[in-house]
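Working notes for the structure below.
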Amino acid sequence: MKPSLKLTNAIHILIYIARADKQSSYSSKDIANSVNTNPSRIRALMSDLQNADIIKREGDHFSRPILAKPATEITMADVLKAVDPSSVTFPLDNKVNEECPIAQQVNPVLAGYYELFDESLIQKMKTVTFEDILKDVNERAGEPLCQVNGIENA
């Protein structure tokens, strides 16, 4: 099973949007080049982010996207819910041999534990804001890449 990259790609998009200078124009193709994916995937994720009020357009439908609220008010749980609402950290294997008595018990038992793990992860994700991510990106870059709430980060 291939893990979903929706959350990672959505955060990448948000960083791209946040760090773009206000005079620059860019397209989903430009962001797709940065993420190394196709523009339609970027547009789909941006649509999800817009529907969740995480990003918005500055003006009309063709204007550049911007953050819809301060980076301090966007949590990683918000982003995950926007782009991958049915995401689970540990999916169950639905291809087990249902005639095997062990296989009949594994998924029902693991489901409860996995649900606890997922709930714990979501609670932790609610404590990490997009501002935290931006600050870490800026620190790793060694130079300011964007402004967070109007304050340039080094």
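FYI, it's all coordinate maths here, none of it is from the lab. Here the structure is a predicted model, which means the values were calculated and not measured. Every residue, glycine among them, receives a Cβ derived from its backbone with ideal geometry; neighbour counts consider all protein chains shown.
Within the shell of other residues whose beta carbon sits under 13 angstrom from the beta carbon of Ser47, the net charge comes to +3, with Lys and Arg scored +1 and Asp and Glu -1.
Computed packing ranks the peptides 84-91, 122-129 as 122-129, 84-91, most packed first, by mean other Cβ atoms within 10 Å. Name the chymotrypsin sites (Phe, Trp or Tyr not before Pro) in segment 1-107 that are in a loop by DSSP and that have at most 13 other C-beta atoms within 10 Å, would you? When the chymotrypsin sites (Phe, Trp or Tyr not before Pro) of segment 1-107 are filtered for loop state and at most 13 Cβ neighbours within 10 Å, Phe62 remain.
Which shape class, rounded, prolate or oblate, goes with the chain when its Cα gyration tensor gives a ≥ b ≥ c as root eigenvalues, a/c under 1.5 marks rounded, and past that a/b bigger than b/c marks prolate? Prolate, because a/c is 1.5 or more and a/b exceeds b/c.
Only one residue of Thr127, Ala18, Val106 has its Cα farthest out toward the positive end of the dipole of the chain, where Lys and Arg carry +1 and Asp and Glu -1 on Cβ, and that residue is Ala18. Straight-line cross-link partners of Lys95 among the lysines, defined as a Cα under 20 Å from its Cα and at least 8 positions apart when in the same chain: Lys2. Separation of the alpha carbons by more than 22 angstrom is noted, of Lys22/Lys124; Lys6/Lys81; Lys81/Lys124; Lys69/Lys135; Lys81/Lys126, for Lys22/Lys124. A Cβ-based charge dipole, computed about the Cα centre of the chain with Lys and Arg at +1 and Asp and Glu at -1, lands at about 460 debye.
Along the positive direction of the dipole of segment 6-152 (beta-carbon charges: Lys, Arg +1; Asp, Glu -1; about the Cα centre), which of Phe117, Met46, Met76 reaches farthest? Positive-end residue among those listed: Met46.
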